[in-house]
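**Q** Below is a structure I'd like to ask you about.
Taken together, the values in this text are just the output of simple stated rules run on the coordinates, not laboratory data. A quick note: this is a predicted structure, and the numbers were derived from the prediction, not measured. So basically every Cβ, Gly included, is an ideal-geometry build from the backbone, and we count neighbours across all protein chains shown.
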Amino acid sequence: MKKLKEILYKVSIEGISGSTAIEIGNVSIDSRNIVKDDMYVAIKGTQLDGHQIIDQAIASGAKSILCETLPENLVAEVVYIQVNNARTALSWVAANYYDNPSSQIEPLGVTGTNGKTSVATLLFDLFTLESKSAGLISTLAIKYKGISITATHTTPDPLTINKHLKAMVDLGIKYCFMEVSSHGIDQKRITGLVFKGAVFTNLTHDHLDYHSTFKAYRDSKKILFDSLNEAAFALINADDKNAKLMVQNCKAKTHNYALHRYAEFSTQILESQFKGMLLKINQKEIWTQMIGEFNAYNILAVYAVAQLLGKDEWESLKSISQLKSIAGRFQTFETSNNVVVVVDYAHTPDALKNVLNTINKIRTQNESLITVVGCGGNRDQEKRPMMGSIAAQLSSKVLFTSDNPRDENPDHIIEQMIEGVDPVDFKKTMSVTHRKEAIKVANQLSQPGDVVLIAGKGHEKYQEVKGQRLPFDDYKIAQEIFSKTP
């Protein structure tokens, strides 16, 4: 139990009805989880306005209501707190309720269009290898000390974040590596958190369905760096033209990394093949099991963070050489007839281009590169023709297919992708709406030595159609199909 007045610290309050001296059980944004003596926070969401179910929360036992608009009829026994922004207020309430755990641990936020999951997960893997004292909050999962919980959001709600940070503190964990999405920043999910450091990976076209403009998307990322204090550090990818803007007026000490220009932390790709690559990081050579320039950036960011957190350089390099690609990020297998199959999460134009360029640099050009790719429904439509153009230009053959069509007609999405294809590349393309059938066709088209890229879903184990998440695992399905003779 917590006193209501204690968990309202730093909350900008517009009005109170009732006494804040009462004690509160739990805090929840889901009225279905409310029990006697809890606080209910009414959030205006995209699908549901929590203000509409305040009565339901009270009927379930809520003793306190935090909201932006007071109900017409107030219940005498209930304390109402009116605020201007319930999302911001929720973040402060969550931090206070769990004793501000981010100030007792060293959280590090990773943001950018591509690489967030890889950098955060590889950091978790590295620090777990070296000290067994790390936590992870990412798209894939929330992990620490043998606990693994499947994630529902890249950046969870403030209650979930602070609950798990508190658990990490109680277990004596020192570091937590966290993906920080533009949605999470915009929706105030990280408000009130004290970050030890932040990493900026890159910024390319994505999420304009939500942010409307690239500037709004970019500026949302900058908020993470604006929130850093003087004791924190900011690590930026100097090869990205938006990097300097991210740390403009940033209070934290700034460091940079790069592949193509001088930087504090730098690397070169000396050798690359499907089994791995040889890197020279700050003049020291290491072999890694990961491949591609994008992974060179990810590994360099991980190395830089390890150094900034005081890790031994040689021990870190040794551990980095043991790290493996995470699920759905350039995950490969080779068939009995020597076809290399690559499953990757690439779902933005830049990510798709990076993966295709990586494959093209490794293959001898005597083989074909067959790409299976789609675009998600109810998401940024501007990137669809861009991805269609990139896929057709950089592949030998392309199969346009569905990828989480959600509420849209998958054939319409495919048509939009094809609009971006240069007429000279039309002969390379096919449309196969059903994703499993598209993978089957890719198998039938492949010859010994060819490379097949299945892009867009990566680690996801579902296909989202009309509100339903139907089981679908690209890697598992590809293994099943490609194990059969074409």
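**Q** Based on Cβ point charges of +1 for Lys and Arg and -1 for Asp and Glu, what charge dipole magnitude is obtained for the stretch 1-99 about its Cα centre, in debye rounded to the nearest 20?
**A** Numbers: 9 positive and 12 negative charges, 44 e Å.
Dipole about the Cα centre, nearest 20: 220 debye.
**Q** Let me ask something else about it. Could you compute the net charge surrounding residue 318? Neighbours are other residues with a C-beta less than 15 Å from the C-beta of residue 318; K and R count +1, D and E count -1.
**A** Values: positive: 284, 311, 324; negative: 125, 130, 285, 312, 313, 315.
Within the 15 Å Cβ shell, the charges total -3.
**Q** Across the chain, where is the longest run that never hits chymotrypsin sites (Phe, Trp or Tyr not before Pro) in a DSSP loop with at most 13 other C-beta atoms within 10 Å? Numbers along the way, then the final one.
**A** Working: sites that count: 9, 262.
Segment 10-261 is the longest.
**Q** Residue separation times 0.36 nm, minus the C-alpha to C-alpha distance between residue 278 and residue 378: what's the value?
**A** On the way: separation 100, 0.36 × 100 = 36.00 nm, distance 4.04 nm.
Answer, rounded to one decimal: 32.0 nm.
**Q** Something else: For a quick check of your reading of the filter: which GluC sites (Glu not before Pro) in the stretch 317-403 sit in a DSSP loop and have no more than 16 other Cβ atoms within 10 Å? Mind dumping the intermediate values first?
**A** Values: sites: 334, 367, 382; in loops: 367, 382.
Sites meeting the loop and neighbour criteria: 382.
**Q** Something else: Exactly which GluC sites (Glu not before Pro) in the stretch 68-123 are in a DSSP loop and have at most 10 other Cβ atoms within 10 Å?
**A** On the way: sites: 68, 72, 77; in loops: 68, 72, 77.
Passing sites in the stretch 68-123 are 72, 77.
**Q** Using alpha-carbon pairs under 8 Å, 6+ residues apart, how would you state the relative contact order of the chain in percent? Working shown, then result.
**A** Working: 1042 pairs, mean separation 48.1, N = 486.
Result for the chain is 10 percent.
**Q** Let me ask you something else. Assuming R0 = 30 Å, can you tell me the calculated FRET efficiency for the pair residue 147 and residue 85, based on Cβ-Cβ distance, to the nearest 0.05?
**A** Details: r = 32 Å, r/R0 = 1.06.
Efficiency, from the Cβ-Cβ distance: 0.40.
**Q** In terms of the Cα gyration tensor, with a ≥ b ≥ c the square roots of its eigenvalues, is the stretch 1-103 rounded because a/c is under 1.5, prolate because a/b exceeds b/c, or oblate? Intermediate values should be presented prior to the final figure.
**A** Numbers: a/c = 1.36, a/b = 1.22, b/c = 1.12.
Taking the square roots of the gyration eigenvalues as a ≥ b ≥ c, the stretch 1-103 is rounded.
**Q** Placing +1 on the Cβ of each Lys and Arg and -1 on the Cβ of each Asp and Glu in the chain, which of 377, 418, 273 has its Cα farthest towards the positive end of the resulting dipole?
**A** Working it through, the farthest residue towards the positive pole turns out to be 273.
**Q** Which aspartates and glutamates, if any, have their Cα less than 14 Å from the Cα of residue 251, not counting same-chain residues under 8 positions apart?
**A** Once the sequence-local aspartates and glutamates are set aside, what remains near residue 251 is 226, 230.
**Q** Cβ under 13 Å from residue 48's Cβ, residue 48 left aside: what net charge do those residues give with Lys, Arg +1 and Asp, Glu -1? Working shown, then result.
**A** Details: positive: 32, 44; negative: 30, 49.
So the surrounding residues net to 0.
**Q** Another one. Grab the other residues whose beta carbon is less than 12 angstrom from that of residue 416, score K and R as +1, D and E as -1, and report the net. Working shown, then result.
**A** On the way: positive: 379, 383, 384; negative: 380, 382, 408, 411, 415, 419.
It works out to a net charge of -3.
**Q** Another question, then. Report the GluC sites (Glu not before Pro) located in the stretch 409-486 that are in a DSSP loop and have at most 15 other Cβ atoms inside 10 Å of their Cβ, or state none. Kindly include the intermediate steps, with their values, before the conclusion.
**A** Details: sites: 415, 419, 437, 460, 464, 480; in loops: 419, 460.
Here the sparse-neighbourhood loop sites are 419.
**Q** What FRET efficiency comes out for the pair residue 26/residue 393, r = Cβ-Cβ distance, R0 = 30 Å, nearest 0.05? Spell out each step's value before the answer.
**A** Values: r = 53 Å, r/R0 = 1.78.
Result of the calculation: an efficiency of 0.05.
**Q** For residue 131 and residue 47, what does the FRET efficiency come to when R0 = 41 Å and r is the distance between their Cβ atoms, rounded to the nearest 0.05? All intermediate terms of the calculation are to be shown ahead of the outcome.
**A** Details: r = 41 Å, r/R0 = 1.01.
My answer for the efficiency is 0.50.
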